[in-house]
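Here the structure comes first, spelled out in structure tokens, and everything after it is commentary.
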Amino acid sequence: MKKLYFPVLSAAMLAISLLAEDPVLSKNFVLAGGHKLELNKTASLCLTPANIVVEPYLLSTRWTGFHSRDAVHKMTSDGNNGLWQYDSTLPAASAPVQFETVLSCPQGAKSVKYSCKWKAADAKDIKEVFVYIQLPLASISGKKFIVNGKDVPVVSENKFGWFTQAGKPVTLTLFPGDPEREITFRSTGNIRMSCETHLAAKRSWIRLYPVSPESGIELEITAK
């Protein structure tokens with residue numbers, strides 16, 4: 001697979017882009033506000049400097065994600081016209097589950113669109129699947145999320161489901177009030193959401209599940 005390289009921006013261009021309200025496009029990344037959003041070679045969405053990772057996780061015969069060794073990824077669009085796309089597969093009992101991941105940012109758009117959709121040859125091959133937003137625990141300890149206008153303090157102890165919400169669109173803001181890292185995810189459909197913390201892994205997950213019969217997650221991402 002073709003390796004991705006980041007172009008070098010001059011200090012002046014970078015300073016201008018950081019101040020811009022609209023995303024700034026380059027060949028292999030989108031810079032929105034102070035954030036770089038990259039759909040990397042494992043089809044995972046990575047956001048810096050907030051160190052956020054967004055990707056699906058599948059339970060079939062066992063748990064696998066896009067970072068797993070037996071995941072297969074093929075780039076089908078490399079950023080032309082503001083579109084990055086991967087077709088991926090994860091192993092399952094009868095046949096691999098097919099995934100399509102898309103990052104879209106037309107020139108001049110005020111937000112970025114991310115979607116991850118999946119399809120199984122046999123519905124029984126999917127015991128559980130969700131898209132997670134992963135954050136380093138150190139970066140959010142003592143902080144809060146804002147979910148549909150409600151403050152949600154982060155729980156910094158081993159606990160699954162310390163916040164849950166089901167069956168409606170979600171607007172989730174991370175790092176509210178931080179001018180360098182604040183970012184908002186808006187679902188374009190009804191989703192089920194749960195938060196969990198893993199002390200040993202030093203991370204926190206936000207799980208996003210589609211509400212049946214949907215088989216994917218679509219998000220609009222807006223930087224501060």
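The values are calculated or read from the model by the stated rules, or taken from the named source; none is laboratory data. Just so you know, these numbers come straight off a predicted model, no measurement behind them. Quick reminder, even Gly has a Cβ in these numbers, built from the backbone with ideal geometry, and neighbours come from all protein chains shown. Remember, those area values only see protein heavy atoms, side chains included, never the ligands or the DNA or RNA. Shrake-Rupley method; radii C 1.70, N 1.55, O 1.52, S 1.80 Å.
Farthest towards the positive end of the charge dipole of the chain, among the residues Ser115, Gln165, Asn80, is the Cα of Gln165, using unit charges on the Cβ of Lys, Arg, Asp and Glu. The distance between label points at Glu100 and Ala138 comes to 4.0 nm (points 7 Å beyond Cα on the Cα→Cβ vector). Taking Cα centre as origin and charging only the Cβ of basic (Lys, Arg, +1) and acidic (Asp, Glu, -1) residues, the dipole magnitude of the range 168-224 rounds to 180 debye.
Per residue, the accessible area of the chain comes to 50 Å², computed with a 1.4 Å probe over protein heavy atoms only. Only protein atoms count toward the accessible area here, which uses a 1.4 Å probe; on the chain, the carbon and sulfur part of that area reaches 54 percent. A compact globular protein would have a Cα radius of gyration near 2.2 N^0.38 Å; the ratio found for the range 98-224 is 1.09. Here's the picture: a label point sits 7 Å out from the Cα of Asp87 along the beta-carbon direction, and within the range 41-79 the residues with their amide nitrogen under 15 Å of it are 72-78. Residue by residue, the range 77-86 carries 3J(HN,Hα) couplings of 8, 9, x, 4, 6, x, 10, 10, 8, 10 Hz when phi is fed to the Karplus relation 6.51 cos²θ - 1.76 cosθ + 1.60 (θ = phi - 60°); x denotes Gly or Pro. Comparing Ser187, Ser212, Ser77 in a Gaussian network model of the chain (Cα springs below 10 Å), the most mobile by mean-square fluctuation is Ser212. For the pair the range 45-59 / the range 162-224, the C-alpha centres are spaced 11 Å from each other. For the chain, the gyration tensor built on C-alpha atoms gives an oblate shape. Its axis ratio a/c (a ≥ b ≥ c) is at least 1.5, and a/b is not larger than b/c.
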